[in-house]
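Just below is one structure, and these are the notes that go with it.
Since every read-out is calculated from the coordinates, none of them should be taken as a lab result. Just so you know, these numbers come straight off a predicted model, no measurement behind them. FYI the Cβ positions are ideal-geometry reconstructions off the backbone, even for glycines, and counts take in every protein chain you see.
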């Protein structure tokens, strides 16, 4: 069988995860939005060229995060603007400094770029491969690895279950309750059948895994073991080099430095 | 069962009690299971069938804790001392719902998972996976994702993922419960091949026994208290179940022909010809069951033939639920509409069966009716008012829905509170509410469970509670999503009788089901969903005579029709019917009204 996966989809999940963690850390402590923006653009380019993911699919997946980011920036703008006296930029009772704009833009871009990195990871990683590489490369126990995979498999089923329970209870009049106590207790009435169902499903799943021989201390073999190849290391190193170059270039232009606070100094 | 078959599993005085329980589920159980044949475990819900499979597989007591006494051996190996991990070399376990046992996302990974756990070298896996997929006829599905498969295909892959380890014994817990008629037949054919060609031993629990009985060789019947009622070859067990007065009180799921004959023989057990016939059969005379012999016996009892069988008629009540030019598609898939320009109507007092293959939109239609989805195209009116314009609170006072999983509706900690909850907005006084709750508890046989947690009830009790909780609010129309799902034969009969009683009281019932026997026995109007349209039928005969539609909509004619046709061919006085109740009633009425019986 020929492997139809593209460059980014073939990369070892642990390598991608490590890169995302490093980039997230750098973005979280970087000041000025241009670094985040550059990483964001690089991610989009890599995703569109190195995977089967199209720009349209990416926009669809990230529009929620874009909305969150814009909303966040808007509310930050309002909060920062309150009570600022002698600000150069004024609108009605609000006032801002140039530093305020940079801070808000930096925070908004951080949210968007970190979301983009997460979407890129999910879009190019097979969950089964992620578990395998966590077992083989990070030495996670197979029982825990496959339990996590089973839980992930159940997410869509649980979502359907929630919808079904919600409708069942709506028909019994729970949703239509007007008084405050009923409204506050409504989530609990949803949780009881959901938990019962989840516990039963989880128990059956665990039983099925044990019946198929996945027990503590089992000596497993692997049909398609994941490995960290030279290409993976090359990808890891080159991404870090490109990131460092961007950081250095921006620093030279006075548009980048590290800060552990929220304000530009 | 032929003489070559030898017992491979021997249980000696097995008693098992779950941890924190006082009553044993399996009680002094001694039985044998035979090699290279299909062993069927029969019994009512809660008699310990699944517990027996869990014990054999090793889930008990390692996974489900409890106390086991007695002995259990497989070819001399003491199974009780064999760890669960090692038992997977001997036993493969197939669950009712294949989704419960999938651990990965693709067919190939799923099959490899089992081999990986056994430590099979990777270079051998390729061939083994291919062989297992070929065995279940799914070799071309190797690279498919599991979520792309149909229910029947998923069950075949689940079976392949068990077969890939080549265990000599397969333990199957209701493997066809979620499948449609065509997929069910395929699975049973597959099981037969596994036994005859690949020398597997199968131990199966199954409610759909119609296709299973002809291929079963050994049967075990458990009492409701977990003791052994009967065991032996299929013919021996069937002879006792049908003809032995000592087992007349036991009604495990049998084929409908057997159920009708058993009922009739019990009903007229005092007649001399019946007594003599049963005795002859118990002595092993002739085939276990022969339609011609049964007809002769019936004729010997001097039947008085009725002029015609009473046919049910539609009631045509005051209001109606009507769809005109109804259309709907999910927002994500406008190119795949579920309904397009379809019309149907449901009158007050109808007992409607809503049929169709999986994915044709039965549940979507329910969601549209209960305003959980929308907007729809065209018109969907209840009592002349568009569904979308109804106030939800008022709409839900008119229509109730009993879900396939009754637990989804439960919100309280006791059965009594659950019913009380339904009455919380009722104008009744507290005393009147309590009286009404007591009446419903009694009516639905839940009085002794009034203070139990709804989640701890049996499947049958949960279903009854969910129906009671809906009806207590006085809805005029009740929708039931697969009311027979997970019910044993006795529970199913009791529930259907209760629904029939409600129907007689004027409640309109609409049930979604895959069980064609229920359709023929109870529905007076049928709606078939197929190819984006809903086709109405005013009686079940009209539908079941339409072979082309049955095939197109993945439906099958009721099991009893073949029996009725066989009897009708032998004696044209026997009516050709699709309803098991009608045929049963015919045989009972013709004798009950005869002079000989009254003499």
Taking R0 as 41 Å, what FRET efficiency do you get between residue B:404 and residue A:229 from their Cβ-Cβ distance, rounded to the nearest 0.05? 0.30
Give me a single rounded figure for A:159-168: the average over its residues of other chain Cβ atoms within 10 Å of their Cβ. 5
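Order of A:77, B:133 from fewest to most other C-beta atoms within 10 Å?
If I rank by nearby Cβ atoms, fewest first, I get A:77, B:133.
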The stretch B:29-68 and the stretch B:225-250 have their Cα centres apart by a whole-number Å value of 18 Å
Give me the percent of Cα-Cα pairs in the stretch B:182-260 that sit more than 17 Å apart, rounded to a whole number. 49 percent
Once you keep just the Cα pairs under 8 angstrom separated by 6 or more residues, what percentage relative contact order results for chain A? 31 percent
Stick to the Cα atoms of the protein assembly as shown, pair each with every other, and give me the Kirkwood hydrodynamic radius in Å at one decimal. 31.3 Å
Partner shielding of B:79-86, taken as the mean number of other chain Cβ atoms within 10 Å, equals 2
The alpha-carbon pair-distance distribution computed for the stretch B:119-202, with 5 angstrom bins and whole-percent values, is 3, 14, 25, 25, 20, 10, 3, 1
To the nearest 0.05, the calculated FRET efficiency linking residue A:99 and residue B:455 through their beta-carbon distance, R0 being 56 Å, is 0.45
Need one word for the stretch B:320-538: rounded, prolate or oblate. Basis is the Cα gyration tensor (sqrt eigenvalues a ≥ b ≥ c); a/c below 1.5 gives rounded, then a/b vs b/c decides. prolate
So what is the 222 nm mean residue ellipticity for chain A from helices alone, if each DSSP H run of at least 4 adds -39500 (n - 2.57) and you divide by all residues, rounding to the nearest 500 deg cm²/dmol? -24500 deg cm²/dmol
Once you keep just the Cα pairs under 8 angstrom separated by 6 or more residues, what percentage relative contact order results for chain B? 13 percent
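Would you mind classifying chain A by shape? Square roots of the alpha carbon gyration tensor eigenvalues, ordered a ≥ b ≥ c; an a/c under 1.5 is rounded, otherwise it is prolate if a/b is larger than b/c and oblate if not.
It comes out oblate by the Cα gyration axes.
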Ranking B:210, B:329 by Cβ neighbours within 10 Å, fewest first, what do you get? B:329, B:210
Taking the Cα-to-Cβ direction at residue A:241 and at residue B:142 and moving 7 Å from each Cα, how far apart do the two end points lie in nm? 4.0 nm
Take residue A:82 and residue B:442, extend 7 Å from each Cα along the Cα→Cβ direction, and tell me the distance between the two endpoints in nm. 6.4 nm
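When the expected Rg is taken as 2.2 N^0.38 Å, what fraction or multiple of it is the alpha-carbon Rg of the stretch B:7-243?
1.00
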Given R₀ = 25 Å, FRET efficiency for residue B:589-residue B:293 by Cβ-Cβ distance, to 0.05? 0.75
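Relative contact order of the stretch B:1-152, please, whole-number percent, based on alpha carbon pairs below 8 angstrom and at least 6 residues apart.
Rounded, it is 19 percent for the stretch B:1-152.
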Using the basic label-point model (7 angstrom from Cα toward the beta carbon), what is the residue A:7 to residue B:126 distance in nanometres? 2.9 nm
Can you give me the pair-distance distribution of chain B, C-alpha pairs, 20 Å bins, whole percents? 17, 48, 32, 2
How many angstrom lie between the C-alpha centres of the stretch B:335-378 and the stretch A:21-55? 46 Å
Fewest to most neighbouring Cβ within 10 Å: what's the order for B:521, B:147? B:147, B:521
By how many nm would the segment from residue B:134 to residue B:64 lengthen if fully extended, with 0.36 nm per residue of separation less the alpha-carbon distance? 21.8 nm
So what is the calculated 222 nm ellipticity per residue for chain B, using -39500 (n - 2.57) for each DSSP H run with n of 4 or more, over all residues, to the nearest 500 deg cm²/dmol? -11000 deg cm²/dmol
What is the mean number of Cβ atoms from other protein chains located within 10 Å of the Cβ atom of each residue in peptide A:188-196, rounded to a whole number? 4
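Residue separation times 0.36 nm, minus the C-alpha to C-alpha distance between residue B:428 and residue B:490: what's the value?
18.8 nm
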Using the alpha-carbon centroid of each, what span in Å lies between the stretch B:430-492 and the stretch B:397-425? 9 Å
